[in-house]
Amino acid sequence: MRTRPQTRLLVTLALTGTLLFVLQIVLQSLPNVEGVSLLIILSTLVFGLKTLYSVTLFVALEGLFYGFDLWWFSGYCVLWPLLCLLTHWFRKPLMANNLTRAVFSAVFGLCFGLGYALLRLPLVGFYGAFSYWVAGIPFDLVHMAGNFVLMLLLGNRLLPLMKAHSPLANKSNP
Amino acid sequence: MNNKKNLYAVLALVLVAAALMGVYWLTKPKTQAGAKTVTVTVFDAAGSNVFNQELNTNAETLGDLLESENLAGFQTSTYGRFIVSVTGIEADSAAQQWWHISIDGAEAAVGCDELPVTDGAVYTLTLKTGY
């Protein structure tokens, strides 16, 4: 059965959003080891800023599952779309080399706690935000290492697969 | 050339990680051994003071103090222990309730097992609603 490219893209983006949510749930028993960064980065390299649709679905599912609270707003509403935008911004070097992707993903993992702390700054003040960030440093380091290893192991295998099966294959990436 | 740059970036990441670990260890709250006298006060969701007592303890962290005095119930997660009940009052997670900890009026930035028990300190546990 033939389907229109736009429909296939819509379904792929929706499935990507759902997969992000499933990945988060499956790996949540391992503190700060997650496949969400990996998939957002690779998806953005394949689908461009259209990945924001998948991220929006993921963020909405997280909110429905865990509650639309301050953590949801500061972390999910801001940091994950930010990763998508940053990936798009640096897409040329990220597309060229998997080690660059691994370093980029690791830096995002390392800065995740700092991002939360900065977003909480207006609510808890400098000391509160600084204490929160410092207390979470061991978790940020695990996040960094997890992101680096996952991308190093899977980035080079998944990216060509995703590109080959993308509804945008052989079309210019918007 | 690109790989050389990436290797430098990995090296820089390792150095930054080591430096951050140093910051963590230097700023980590230190526990103190020996006898201490502290005050524990508990407020329920309605804001009523349901417990206020001076306690003599050898516990080094707030988690150990609350456990040894049978004041709190805990749940263990991958991120460590967190308080689920105090003086028999359960936090209803479905209603987004949680136990807020403050020390001498200042909000705690770490969990109960990282909070050192300091002689003369006042530990306030308040049942809050909404994350």
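The values are calculated or read from the model by the stated rules, or taken from the named source; none is laboratory data. Nothing here was measured: the structure is a model prediction, and the numbers come from that model. Cβ atoms come from the backbone with ideal geometry, glycine included; neighbour counts cover every protein chain shown. For accessibility, only protein heavy atoms count, side chains too; no ligands or nucleic acids. Shrake-Rupley method; radii C 1.70, N 1.55, O 1.52, S 1.80 Å.
Here is a list: A:Tyr127, A:Tyr132. Which entry is more than 18 Å from B:Met21 (Cα to Cα), among the aromatic types (Phe, Trp, Tyr) and at the interface with chain B (Cβ under 9 Å from one of its Cβ atoms)?
Testing whether each residue is more than 18 Å from B:Met21 (Cα to Cα), among the aromatic types (Phe, Trp, Tyr) and at the interface with chain B (Cβ under 9 Å from one of its Cβ atoms) leaves just A:Tyr127.
Can you run down the residue pairs with Cβ atoms below 9 Å, 6 or more apart or on separate chains, where the first is in the range B:14-30 and among the basic types (Lys, Arg) and the partner is open to solvent by 60 Å² or more (accessible area, probe 1.4 Å) and at pLDDT below 95?
Partner pairs satisfying both residue conditions: B:Lys28/B:Glu114.
Taking the range B:74-103 as the region of interest, how many residues are on the phi > 0 side of the Ramachandran plot and more than 14 Å from chain A (Cβ to nearest Cβ)?
Filtering the range B:74-103 down to residues on the phi > 0 side of the Ramachandran plot leaves B:80, B:87-88, B:96.
Checking which are more than 14 Å from chain A (Cβ to nearest Cβ) leaves us with B:87-88.
Counting residues in the range B:74-103 that are on the phi > 0 side of the Ramachandran plot and more than 14 Å from chain A (Cβ to nearest Cβ) gives 2.
Which residues, taken from the range A:18-38, are touching a residue at least 60 places away in the same chain (Cβ under 8 Å) and open to solvent by less than 20 Å² (accessible area, probe 1.4 Å)?
Once the filter is applied, which keeps residues that are touching a residue at least 60 places away in the same chain (Cβ under 8 Å) and open to solvent by less than 20 Å² (accessible area, probe 1.4 Å), the range A:18-38 yields A:Gly35, A:Ser37, A:Leu38.
If the requirement is being farther than 22 Å from A:Trp71 by Cα and within 14 Å of chain A (Cβ to nearest Cβ), which of these qualifies: B:Thr57, B:Thr27?
Residue meeting the stated conditions: B:Thr27.
Out of the residues in the range B:104-125 meeting the condition of being in contact with a His (Cβ under 9 Å, 6 or more places away or on another chain) and open to solvent by less than 30 Å² (accessible area, probe 1.4 Å), tell me which one is nearest to B:Asp44 (Cα to Cα). Step through it out loud before you land on a result.
Restricting attention to the range B:104-125, the residues satisfying the condition of being in contact with a His (Cβ under 9 Å, 6 or more places away or on another chain) are B:107-108, B:124-125.
Of the ones still in play, those that are also open to solvent by less than 30 Å² (accessible area, probe 1.4 Å) are B:108, B:124-125.
Values: B:Ala108: 18, B:Thr124: 11, B:Leu125: 9 Å.
Step by step, filter the range B:104-125, then rank; the result is B:Leu125.
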